[in-house]
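What follows is a set of notes on a single structure, which appears directly below.
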Amino acid sequence: MELVVATSNPHKIEEIDAIFREIGLLGVRLLTLKEAAGDVVIPEPAETGSTFEANARIKAKAYAAALQRHCLADDSGLEVDVLGGEPGVISSHYCTDGREEGMPRAERDRRNNERLLKELEDVPLEAREARFVCVMAIAAWVGHAARVVLDVRGTCPGRIGLPGDVPRGEHGFGYDPLFLVPPDYTRASSELSMDEKNAISHRGEAARFLGQLLSAGVVSL
Ligand code: ITT
């Protein structure tokens, strides 16, 4: 069975592929957008949902309809408990309240992190509980229509460090330099090797769960 991974990030496909192999799911061939669409550019759908599930489903369905093939899409971000789950679905553009203003990624990451530390001013470490969330959705192309058949959620718990202690670390992206990982909350996510991060990450958990469901035949495409 072939499944198009609707992302332009090649690392995500490699990571999902590695996890599918790790759990013994060998019957699924993952295709990149480039392999599935060639030179045809498919416009990215607007992520208008208010949940990660809604956005992952919007993306999976839009790509499945455009390509007339089974597609997998994901949406991810950070939830901070004391902020009522913010930045949530606007994690990528938190510094502009969710507006896409064409800012280069490195600057956007830096300003998102600055905003988060500002919002958490005066909040003690033990109340800075947070989690990364990743939702993966599959839309099938069946009966000349695209239908979402599955979504799964993976999470990675942690805490946002205190200013002065964070940001730190050289690896990762986004909020990794602020995100302290359990059990002892002394290391930032950006201080983990890629293998260490993959073993505990929200994306890893979602991909493992998805692979297990496909493997068990709970969903067959
Ligand atoms: P765009 O939304 O800008 O295309 P993306 O597609 O690469 O970025 P994701 O959905 O994977 O981004 O994640 C959305 C945002 O959530 C991302 O820009 C980060 O700020 C944050 N995020 C998600 N996963 C993360 C991780 O593993 N480490 C750090 N930050 C993460």
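Annotations
- Exactly one residue out of 101, 205, 196, 170 is assigned to a helix (DSSP H, G or I), away from the ligand (no atom under 11 Å from the Cβ), without any contact (Cβ under 8 Å) to a residue 24 or more places away in the chain and out of contact with any helix residue (DSSP H, G or I) (no Cβ under 6 Å at 6 or more places or on another chain), and it is 196.
- Counting only helices (runs of 4 or more DSSP H) wholly contained in segment 1-94, the ones carrying 2 or more residues that are free of Cβ contacts under 8 Å to residues at least 40 places away in the same chain and either closer than 20 Å to residue 152 by Cα or among the polar types (S, T, N, Q) (or both) occupy 10-22, 52-67.
- Residue match in segment 108-125 (condition: buried (at least 21 other Cβ atoms within 10 Å of the Cβ) and in contact with an Asp or Glu (Cβ under 8 Å, 6 or more places away or on another chain)): no
- Residue list for segment 179-191, filter: near the ligand (Cβ under 10 Å from one of its atoms) and within 14 Å of residue 157 (Cβ to Cβ): 179, 189
- Residues that are in contact (Cβ under 8 Å) with a residue 60 or more places away in the chain, away from the ligand (no atom under 13 Å from the Cβ) and in a strand (DSSP E or B), drawn from segment 109-144: 138, 139, 140, 141
- Per the listing 84, 88, 38, the residue uniquely at pLDDT 95 or above, surrounded by fewer than 17 Cβ atoms within 10 Å (Cβ to Cβ) and on the phi > 0 side of the Ramachandran plot is 84.
- Hits in segment 77-125 (condition: of a type in the set (Ser, Thr, Tyr) and over 21 Å from residue 172 (Cβ atoms)): 96
- Selection from segment 126-149 of residues that are of a type outside the set (Val, Ile, Thr) and loosely packed, with under 14 Cβ neighbours inside 10 Å: 126, 127, 143, 144, 145
- Some residue of segment 1-23 being of a type in the set (Ser, Thr, Tyr), within 13 Å of the ligand (Cβ to nearest atom) and exposed (fewer than 15 other Cβ atoms within 10 Å of the Cβ): yes
The values are calculated or read from the model by the stated rules, or taken from the named source; none is laboratory data. A quick note: this is a predicted structure, and the numbers were derived from the prediction, not measured. All Cβ positions, glycine included, derive from the backbone under ideal geometry; neighbour counts span all protein chains shown.
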